[in-house]
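Student: Let me begin by handing over the structure; questions about it come next.
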Amino acid sequence: METTAVQYKPYLGTFSSNLKKLRAEDAHESDETFLQRFWITKDTYQEWLQGAELPDIITLIDVCKYYNVSIDKMLGFKTFPTGTHWAEILSN
């Protein structure tokens, strides 16, 4: 099955919004420093902020570690309700 933008589109806006909030709180770090820290171009950064693209998984992990936020939170995933089959599987 081919992955398309439609499949992860709901997460683009959440990631973009959360990144903007985190960057605003981290105002002491320049955009240039941020670009160097995560080895990205200005174009890539702008795509993230505009909600056009998500970072690759390694960069996503690095961004989340830097800001001490979970990937779930950064992308806006909802947790499984307690007692569901899936929650039980993941808790083991």
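The values are calculated or read from the model by the stated rules, or taken from the named source; none is laboratory data. In this text, all values refer to a predicted model and were calculated from it rather than measured experimentally. FYI the Cβ positions are ideal-geometry reconstructions off the backbone, even for glycines, and counts take in every protein chain you see.
Student: Among the residues of segment 12-68, which ones are of a type in the set (Gly, Ala, Ser), part of a helix (DSSP H, G or I) and more than 24 Å from Lys78 (Cβ to Cβ)? Give the derivation first.
Tutor: Initially, segment 12-68 is screened for residues of a type in the set (Gly, Ala, Ser), giving 13, 16-17, 24, 27, 30, 51-52.
In the following step, the residues that additionally are part of a helix (DSSP H, G or I) were identified as 13, 16-17, 24.
Across segment 12-68, the qualifying residue is only Ala24.
Student: For the structure I just gave you, tell me whether Leu75 is surrounded by 13 or more Cβ atoms within 10 Å (Cβ to Cβ), at pLDDT below 95 and of a type in the set (A, V, I, L, M).
Tutor: Here the answer is yes, as Leu75 does meet what is asked.
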